[in-house]
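Input: a single structure, listed below in structure tokens.
The values are calculated or read from the model by the stated rules, or taken from the named source; none is laboratory data. As the structure is a computational prediction, the values presented were derived from the model and not from experiment. Cβ: placed from backbone, ideal geometry, glycine included. Neighbour counts: every protein chain shown. To get the accessible areas, we keep the full protein, side chains included, count just its heavy atoms, and leave off ligands, DNA and RNA. Shrake-Rupley method; radii C 1.70, N 1.55, O 1.52, S 1.80 Å.
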Amino acid sequence: MHGADALRRHGIGDLVRRSAKRYPKKLALAFGDRRWTFSELDLMVNRAANLFVAHKIAAGNRVAILSRNTDTFVIAYLALARVGAVSVPVNFMLGAEEIAYILAHSGAEAILAQDALTSVAEQAIGSVGRDLIKFCSIENGGEKAGWIDVRGWDCWPNADEPSNSLGDDDVVQLMYTSGTESKPKGAMMTSRSLIAQYVSVIVGGEMTTSDVEVHALPLYHCAQLHCFLTPALYLGSTSILLKGPEPALLLQTIECERVTKMFLPPTVWISLLRHPDFDRRDLSSLRKAYYGAASMPVEVLKEIGERLPGVRMFNFYGQTEMSPNAAILGPDDH
């Protein structure tokens, strides 16, 4: 897509570039000791996109991402959208047979696997019965036979934005459901449906550019990725990414990063309230709290209100096929 059509396009691959124009030096993403301004993140997404193109990833190709929460996941997801490819996040807790089903059903031409997950990925690929292009993030140096190390995008020479023909109504992601009642279904996500939903959660969830948000739930799931992380990148607020929802680390991060908002399911909220660090850490920066994925006991809501006075509570409800938010229970309703 070129010229006027490209300028009008409002896709997932365009969001960070536009935020970088508005807030080039603002912290966009932090993961461990790696911190990215919007300008730096935009540049890295271009480098990653060009690495994918150099290894035969083209518009319309389906690329599975099998990874726990890392900045590599975020960069790859955005870079694939910028190429016009279709990302396919995969639950990292699945076994080889279950992963093989998603690879085959999605028509994946390639897979990006976290270093520690390449073994189960190899087993899954073996069951698919055809070759896939294999990318991985080698975390401790060295090489893996047959795998392309995507950390090479750190110094990839081409940082120009690649052109692509992906339209706003074209599929940009296949997000697989849990498959609790049958085989998992690949929900076809388009930029237009996702971004319309981002506007809803930004307005209904009282999100602002001054927010600092911690993201601890898995990015392969629609809630953390599409109700919180990508809307934050779109809006221009700051995202702190954690490997997982470990209570002590969450509480430490809120204090050290002066976190203003976070999403957690009820079980994790309960684990925070019961942790001895809850009353030891300075949580005064927290302004907005979100929950979903299960019913929240009223007693727990009352306890959060008493122990975090002034924090505004939101319940998000939806399903993957709806891109994914459908309804918001706001603070006044609580």
**Prompt:** Sorted by accessible area with a 1.4 angstrom probe, largest first, how do W156, W147 fall?
**Reply:** W156, W147
**Two-decimal Rg to Rh for segment 145-259 - Kirkwood Rh, Cα set** = 1.02
**Request:** Using a 1.4 angstrom probe, figure out how much accessible area the chain has per residue, in square angstrom, rounded to the nearest whole.
**Result:** 42 Å²
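Full extension from E139 to L329: what is 0.36 nm times the residue separation minus their Cα-Cα distance, to one decimal in nm?
That works out to 64.3 nm of additional length.
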**Asked** Okay, which of segment 124-165 sit inside 16 Å, backbone N to the point 7 Å along the Cα-Cβ direction of A104?
**Response** 124-132
**Sites matching trypsin sites (Lys or Arg not before Pro) across segment 127-225 that sit in DSSP coil, with at most 12 neighbouring C-beta atoms within 10 Å** = R130
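Report in % the part of the accessible area of segment 30-76 that belongs to carbon and sulfur, leaving out ligands and nucleic acids; probe 1.4 Å.
48 percent
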**Message:** Given points 7 Å out from each Cα along the Cα-Cβ axis, report the N158 to S119 separation in nanometres with one decimal.
**Reply:** 3.6 nm
**Asked** Roughly how many nanometres apart are two label points built 7 Å out from the Cα toward the Cβ at M93 and D33?
**Response** 3.1 nm
**Prompt:** Which is the longest part of the chain that has none of the GluC sites (Glu not before Pro) sitting in a DSSP loop with at most 12 other Cβ atoms within 10 Å?
**Reply:** 182-334
**Request:** May I ask you to give the percent of accessible area on segment 272-334 that is carbon plus sulfur, with a probe radius of 1.4 Å?
**Result:** 48 percent
**Message:** Once you place label points 7 Å from the Cα toward the Cβ at S165 and K302, how far apart are they in nm?
**Reply:** 6.1 nm
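What's the magnitude of the charge dipole for the chain around its Cα centre, counting Lys and Arg as +1 and Asp and Glu as -1 at the beta-carbon? Answer in Debye, nearest 20.
On the way: 33 positive and 37 negative charges, 110 e Å.
Its charge dipole is roughly 520 debye.
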**Fill in**
Hull surface over four for the Cα convex hull of the chain, reported in nm², is 16.7 nm²
**Asked** Sorted by mean Cβ packing within 10 Å, highest first, what order do the peptides 161-169, 239-247 take?
**Response** 239-247, 161-169
**Item:** Rounded to 5, the percent of DSSP beta bridges in the chain classed as antiparallel
**Value:** 30 percent
